[in-house]
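Beneath this line is the structure, given in structure tokens, with notes to follow.
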């Protein structure tokens, strides 16, 4: 009944998921692969050393159906791979591929952003050096100049694979204007 109402009113078209993988933007393409929150939390747990289905399920409290779907998608896109760790009964663990391991800086940046923007002084998770055991402060830097990368000194320009030319400064405003939310940042 609800489906008929949604179709009749045109709402079902609005509610259908848009696929981002065909967009010429690497951010959109990346979100197509890992943008769903369960996928990112599965990757978080994989970086913590979890690998078995029941470990992910226990950590996340997610339904087996959703977890199965997310794991299949991460395997399909080459972010995790399945490795049989038992033959009787047949059981698999899900391990990070090279592509999956390359997601770590994104995860670390998301952790830092959450700590800075959302924790309100009650930080619950910290990045720590495995060798020293001390807190680390991740910083994105330019490998040539070693300057920190921020929205003030980085523009997005067209790469060699783009079909139309992009102006790297298009859509940017004067960065020296006062930011309306600057005080809360």
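Structure data summary
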read-out	value
Ranked 85, 94, criterion: other C-beta atoms within 10 Å, fewest first	85, 94
Cubic angstrom per residue, convex hull over Cα atoms of segment 103-169	161 Å³
Exposure proxy ranking, count of Cβ atoms within 10 Å, fewest first, for 76, 163	163, 76
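Every number here is computed from the coordinates shown, using simple stated rules; none is lab data. If you're wondering where the values come from, they're calculated on a predicted model, not measured in any experiment. Methodologically, a virtual Cβ is constructed for each residue, glycine included, from the backbone with ideal geometry; neighbour enumeration extends over all protein chains shown.
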